[in-house]
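Data block below; observations after.
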Amino acid sequence: MRSNFKNLLPVILPACIMYFAACNQPAKTTTTTTTMTDSTSQATLPPAKGFEKTLDGKQGHLYLLKNKNGVQAAIANYGAHLVGLLIPDKAGKLTDVAIGFDDIDSYKKALSNYYGATIGRYGNRIAKGHFTLEGKAYTLFINNKPNSLHGGKVGFNDVMWDAKQIDDHTITLTYLSKDMEEGYPGNLQCKVTYELTDDNAVKISYEATTDKTTVVNLTNHSYFNLNGAGSGTILNHTVQFKAANFTPVDSTLIPTGKIVPVAGTPFDFSTATTIGARIETKDEQLKNGKGYDHNYVLDKHDITTPVATVIGDLSGIKMEIFTEEPGLQFYSGNFMDGSNTIWGGKKDEHRTGFAMETQHFPDSPNQPQFPTTTLKPGQTYKTVTIYKFSVNK
């Protein structure tokens, strides 16, 4: 049988190439057209060599996680990044759904975009880089004028973590953020565990303790494209949230303090809707964010019920998000501009990736009506988020 198949290859292969080329034409939709490229090739992960760099006296590495289904994830101890994630699409073809880069230098060049990084000490924005805690004022680095964003000038995304690979499924990364690092009080001992489960889920567990009262809000900032990294726009992906409310923002993307219903607004994804369906609507909030860049107030967040579902329009890959966090920042890749070359040689063009950052609300240290992000000595910060993948049926 094998020899017969080999003899037929010269006939079959050109036909297959012509067939897939025909299938690879831009899809016609009512929103924005997505194109799927390299449809016949299996995705691969970046080579480890680009991550074997020493930073601040610590050696960098790229670690591989895999499960029984052939799903693979690449984790770098630089920034505790999720560098790549290979998921089978509806045809069984492995597809890299997490946008990443070839090496540490490329991440540092694209630092403002935080691709795949663990974010800390505080994910999202703190207004004007100021907050008061137990009567004492603290000042942070302003890296997103006029605010502090994602931990400041050198956040957790730009440091080398200590890593220990437990087994093929699991890796634990630890980092000590010293007292007053980036202006935050307390020696914060952090641990992030990535686990690739046999039901095709990436489980991310966070823990932190402190020796001085501080604020902490950790998250993962992966940019996803469920049709494959570099495959085109994400505007035809469908999204559904279990969130009846969101926190509107001012022109600098700081929450106004209000919690507002999504009903009747372009932010209503209570039923599955494409990302691009209303993104160009004339709406003050969309203008402020240049698209979606807003915190959703989750209805339920007990890790057993998905709070969000995203489906790739061409791949059929479905991502469900589970979390213990009260909020989720939905970002539609508004500031992606093609200035970076991602793994695979493609550019990070406008809105070719989306982020779903599970979190406490932005600027919570300055807004006491929001769930607290304060962590005190003797307490342990613990939270879990799961990104689960399957094929939409």
The one condition in (1) within 25 Å of Pro146 (Cα to Cα); (2) in contact with a Leu (Cβ under 9 Å, 6 or more places away or on another chain) that Asp313 fails to fulfil: (1)
Strands (runs of 3 or more DSSP E) contained entirely in the stretch 99-182, each with at least 1 residues that are modelled with pLDDT of 95 or more and open to solvent by 20 Å² or more (accessible area, probe 1.4 Å): 130-133, 136-139, 162-165, 170-177
Boolean, Asp103 is in contact with a Lys or Arg (Cβ under 9 Å, 6 or more places away or on another chain) and acidic (Asp, Glu): yes
Enumerated strands (runs of 3 or more DSSP E) restricted to the stretch 1-91, each holding at least 1 residues that are surrounded by 11 or more Cβ atoms within 10 Å (Cβ to Cβ) and at pLDDT below 50: none
Qualifying residue in the stretch 152-172 (condition: more than 28 Å from His61 (Cβ to Cβ), hydrophobic (A, V, I, L, M, F, W, C) and touching a residue at least 40 places away in the same chain (Cβ under 8 Å)): no
Segments classed as strands (runs of 3 or more DSSP E), wholly inside the stretch 310-393, with at least 1 members that are open to solvent by less than 10 Å² (accessible area, probe 1.4 Å), among the β-branched types (Val, Ile, Thr) and within 21 Å of Gly116 (Cβ to Cβ): 317-323, 355-359, 381-391
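The values are calculated or read from the model by the stated rules, or taken from the named source; none is laboratory data. Please read all numbers here as calculations on a predicted model, not as lab measurements. Glycine also receives a Cβ, built like all others from the backbone with ideal geometry; neighbour counts cover every protein chain displayed. To get the accessible areas, we keep the full protein, side chains included, count just its heavy atoms, and leave off ligands, DNA and RNA. Shrake-Rupley method; radii C 1.70, N 1.55, O 1.52, S 1.80 Å.
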